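To keep things clear, I will list the structure first and then write my remarks on it.
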Amino acid sequence: MALCGRRPDRVEAAVAALRAGGGDTVGLVADVSDADGGRAFVDQAAEALGGVDILVTNAGGPPPGTFASTDLAAYPPALGQNLLSTVAMCKAAVPGMAERGWGRVVAITSMTVRQPAPTLILSNTARAGATAFLKTLATEVAPRGVTVNSVQPGLHATDRLAQLHGGDLSAAAATVPAGRVGDPDDFGAAVAFLCSEQARFITGAALSIDGGAYSGLM
């Protein structure tokens, strides 16, 4: 497995943790916030591993804002980070998967794709575009043994969420019908299942993992 991050110290820490658990992991310093960076990461991973059979895309989100507060110039970087980087990583990885007759793509997006957050107009826009791209790609490559899905997380007990809430997640948990925030390990297990052989008949799906926070019917 290969993972990446922008900060060498954090990449090294992640690799050390995974290796301590018995994982064979390659750490790469890469920035996937635009198309060039996304493509470069996949190319580096393919060189290190001898090919890429499973691609999990996960870039950070753009700055918050509303329609009124967000300048037009902010849209291209946001689209680069949360749409075009995913497209570029798929362009770099999926042809090889299709040629070999097996592959998995799972993109981590957000529950705001289904239920837009009022103050996240850039993320809502870019991630919705990525969802449409992934759905289209899924139908094209399904006959070649490649599945393409996305997962839409709600609130999970990450360091970032704890930081935003001063270490107290009770207020965040109160907004979730399940009465708690999600466990990142459970989220990872759902992603791992979509990458498995047993998930070979699941493609084009966009899975909400949010403790029931999404309130729509579809």
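Values quoted throughout were computed directly from the atomic coordinates according to the rules given, and no laboratory measurement underlies them. None of the values given here were measured: they were computed from a predicted structure. Cβ placement follows ideal geometry from the backbone for every residue including glycine, while neighbour counts extend to all protein chains displayed.
Observations
- Interchain or long-range residues, amide H under 5 Å from Ala107's placed H: Thr57, Asn149, Ser150, Val151
- Between segment 112-134 and segment 12-52, the alpha-carbon center distance in angstrom: 26
- Structure-based [θ]222 nm, the chain - -39500 (n - 2.57) summed over DSSP H runs of at least 4, per residue, nearest 500: -13000 deg cm²/dmol
- Relative to the longest principal axis of the Cα atoms of the chain, helix 121-141 runs at roughly 30 degrees.
- For the chain, the longest principal axis of the Cα atoms and the long axis of helix 184-194 meet at an angle of about 40 degrees.
- Highest-fluctuation residue, Thr136, Thr57, Thr112 considered, GNM on the chain with Cα pairs under 10 Å: Thr136
- Relative to the dominant Cα principal axis of the chain, helix 35-49 is inclined by about 50°.
- Additional length obtainable on full extension of the chain from Thr119 to Ala192, 0.36 nm per residue less Cα span: 23.2 nm
- Counting other Cβ atoms within 10 Å as a rough exposure proxy, the listed residues Tyr214, Tyr75 run Tyr75, Tyr214 from fewest neighbours to most.
- The charge dipole of segment 53-209, taken about its Cα centre with unit charges on the Cβ of Lys, Arg, Asp and Glu (plus for the first two, minus for the last two), comes to roughly 380 debye.
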